[in-house]
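A.B. asks: Questions regarding the structure given below will be posed in turn.
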Amino acid sequence: MQLHFNLHQHDFTAGLSLFDCAEALQIKVPTSCRKQGKCKECLVEITEGMEFLSPRTAEEAHLGQKFRLSCRCKIVSDTGVVRCHTMRRGEMRIERHAFELPTRTKNWRLDPCVTRDGDRILLDGVEIARSTAPIHGLAMDLGTTTVVIRLLNLETGEVVADASFENPQRFGGSDVMARIHFDTRDKSKLLQRTLVGYLSHAIEEFPVDPQAIYELVIAGNSTMRDLFFRLCVHSIGQSPYRSITELEMEEGKRGTTSLCELAGKLGVPIHPKARVYGLPIISGHVGADAAACMLAVDLANEERTVAVMDIGTNTELILGNKNKIFAASCPAGPAFEGGAVACGMPGLPGAIEKIKILDDGSVQVAVIGDTPAEGICGSGLVDLLSELLRTNRMATLGRFENGEDRFALDVKSDSPIYLTESDINELAQAKGANVAGLRVIFNDYGISFDDVDVFYLAGGFGRHLNVESSKRIGLIPNIPDEKIIQVGNAAIEGACMALLSRAKRNELETMARRVRHCRLEAHERFFDFFVEGCQFKPVEASFKPENA
Ligand code: FES
């Protein structure tokens, strides 16, 4: 939620905390300690006016430059403007059902690990509770930038509710490497505790008793998943970039990279004997989110050659069929999720999601929700880049042709919305990493983009991308539209499948061991592909794979 305090126009007198000001505006700030400085949940990101706020307190020492604890930080001036926002949440456009996924059309049996025998609630056949109320489970897609949770009735398989929020761990950095660095220095597991605090608030708002939730299944990249389970993530940040579970499996200490823990032990406020199951990771940064996507597209039974591209802060790439599967993870950074871009934001109400530049030079936009524009989300940024290119306002190298350093959007908004050359540079690098990842994985597989039968664009961002714009700037290869399927959040879909079906969970455990991990960082051509991919121009679908 955006907060905007014009200090001389309101009764926001010096001495009030930002938390007090938000309360006066009836804006809810996450908290478990009621302004005691203990829970660290009342995070706000200051976008303007830090100079009108009190100096950082000891309780805020862990926070990055732009972040403050709203209960600790006080207004110290009677004039000026302070702009800030809480971690964004809710009403993010999460598709309740993924689109055109094979698992939606093929028969599968509802076969959850949590079952009922009269009033006995059983987990893997062992009694953990007694209740006659409906039994529920949670699936979570734990992303570096956004978190999506879905509540399901385990007796019917129906979706009861879903929720989403910006990952509050942003205070520890916007990408996985920064989070690993933060967690390695911080022995108090603050990243995990803060996330669990936000998750708890989301669970409290669900329309069922949290004690009637008996399993939580987590998909997420290797770092996000292991942080949630309070594992040491140091080894994921160091070459050869392996989760502790992967290392232990290699040493024969465990038979799978999947994780199980009691909810009570992790602080998740559902039934204390509920199980938290982390889907297996593939290898390195190719995590449980990629594994969940494989389940969602039914790769274990797929005859055709399919590609899955789940664009995010870490883009997951999967290529193959039931006989041969390759996977890679691209450290694309948060630019296409609205991070590292001056006016970027996640796909939430207030985000500009579509942009067109008209013949007279005016800009036509579509904003999510019935609200003034606050920023531009990923699909809007792709549209904007494409339109700047189409109207010759931007060159393929990302420079404005008129010599200016920014392009302003004349739209209804409380603050100016624009794109700078520095933003374009961030987006170019994110695109370059994604394209390079695609080139490497197809090259190693021995096929060109032309040879793929289905190209799934996964993720909330992928669902709303304009395909034509994406092809024009070269975010996706120039393959026929009929091969491209925008499937929505395949990772949460896969997590739901694993929650609802023991057979699917076992299928995934087996499949995960068969995947070949393409290590991008070690690939000799990665840098060449990256440099080429940074240019804003279409990516041709046919090339001769070097391994063919
Ligand atoms: S409200 Fe708990 S730290 Fe601010």
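Any read-out appearing in this document is the output of simple, stated calculations on the displayed coordinates, not a laboratory observation. Model, not experiment: these values are computed from the prediction. Glycine gets a Cβ as well: all are built from the backbone with ideal geometry, and neighbour counts include every protein chain shown.
A.B. asks: In the structure displayed, which of K431/K537; K324/K483; K40/K66; K324/K537; K187/K273 lie more than 22 Å apart, Cα to Cα? Don't skip to the answer; put the middle values down first.
C.D. replies: Details: K431/K537 11 Å; K324/K483 20 Å; K40/K66 15 Å; K324/K537 31 Å; K187/K273 26 Å.
Listed pairs above 22 Å: K324/K537; K187/K273.
A.B. asks: Run the quick spin-label model on F543 and E421: label points 7 Å from Cα toward the beta carbon, then report their separation in nm to one decimal.
C.D. replies: Inter-label distance under the simple model: 2.8 nm.
A.B. asks: Ok, one more. Once amide H atoms are built 1.01 Å from N in the peptide plane, which residues 5 or more positions from V217, or in another chain, come under 5 Å H to H?
C.D. replies: It is L138, A139, M140, Y277, by chain and number.
A.B. asks: Give me M87, M511, M177 sorted ascending by neighbouring Cβ count inside 10 Å, so fewest comes first. Numbers along the way, then the final one.
C.D. replies: Values: M87 23, M511 19, M177 15.
Taking fewest neighbouring Cβ atoms as first place, the list is M177, M511, M87.
A.B. asks: In percent, what relative contact order does the range 343-401 have, based on Cα pairs under 8 Å that are 6 or more apart in sequence?
C.D. replies: The value is 35 percent.
A.B. asks: So, one more: Can you give the local net charge around L384? Use residues other than it whose beta-carbon is closer than 14 angstrom to its beta-carbon, Lys and Arg +1, Asp and Glu -1.
C.D. replies: -1
A.B. asks: Once amide H atoms are placed 1.01 Å from N in the peptide plane, what residues at a sequence separation of 5 or more from R72, or on another chain, have their amide H within under 5 Å of its amide H?
C.D. replies: Answer set, sorted by chain and number: none.
A.B. asks: Arrange the following residues from fewest to most other Cβ atoms within 10 Å of their Cβ: F336, F442.
C.D. replies: On the way: F336 30, F442 24.
Ranked by crowding around the Cβ, least crowded first: F442, F336.
A.B. asks: Okay, next question. Once you list every other residue whose beta carbon is under 10 Å from the beta carbon of I352, what net charge do they have if Lys and Arg are +1 and Asp and Glu are -1?
C.D. replies: Summing Lys and Arg as +1 and Asp and Glu as -1 gives -2.
A.B. asks: Quote the relative contact order of the chain in percent (integer), defining contacts as alpha-carbon pairs under 8 Å separated by 6+ residues.
C.D. replies: 14
A.B. asks: To one decimal place, what orientation-averaged projected area in nm² is obtained for the convex hull of the Cα set of the chain?
C.D. replies: 25.4
A.B. asks: Given labels modelled 7 Å from the Cα in the Cβ direction, how far is it in nm from K265 to T79?
C.D. replies: For the pair K265/T79, the computed spacing is 5.9 nm.
A.B. asks: If we count other beta carbons within 10 Å of each Cβ, what is the order of T132, T315, T371, fewest first?
C.D. replies: Result, fewest neighbours first: T132, T371, T315.
A.B. asks: For E468 and D119, what does the FRET efficiency come to when R0 = 35 Å and r is the distance between their Cβ atoms, rounded to the nearest 0.05?
C.D. replies: Efficiency for this residue pair is about 0.05.
A.B. asks: Can you give me the C-alpha center-to-center distance between the range 265-293 and the range 478-500, rounded to a whole angstrom?
C.D. replies: The two parts, judged by their Cα centres, are 19 Å apart.
A.B. asks: What FRET efficiency comes out for the pair K412/V208, r = Cβ-Cβ distance, R0 = 45 Å, nearest 0.05?
C.D. replies: Here the calculated transfer efficiency is 0.70.
A.B. asks: A 18 angstrom limit on the alpha carbon distance is what I want to check against. Which of K322/K504; K356/K412; K471/K544 exceed it? Don't skip to the answer; put the middle values down first.
C.D. replies: On the way: K322/K504 14 Å; K356/K412 15 Å; K471/K544 20 Å.
Correct reply: K471/K544.
A.B. asks: Right, something else. At a 10 angstrom cut-off on C-beta neighbours, averaged per residue, how do the peptides 260-271, 317-328 rank from highest to lowest?
C.D. replies: Details: 260-271: 17.4, 317-328: 20.4.
Most protected by this proxy first, the peptides run 317-328, 260-271.
A.B. asks: Can you pull the one-decimal nm distance between simple spin-label points at T13 and R502, each 7 Å off the Cα toward Cβ?
C.D. replies: 6.6
A.B. asks: In whole angstrom, note down how far apart the Cα centers of the range 143-167 and the range 327-362 are.
C.D. replies: 24
A.B. asks: Still on this model: In terms of the Cα gyration tensor, with a ≥ b ≥ c the square roots of its eigenvalues, is the range 399-548 rounded because a/c is under 1.5, prolate because a/b exceeds b/c, or oblate?
C.D. replies: oblate
A.B. asks: While we're here: Just to confirm a number: summing +1 for Lys and Arg and -1 for Asp and Glu over residues other than R399 whose beta-carbon lies under 11 angstrom from that of R399, what do you get?
C.D. replies: -3
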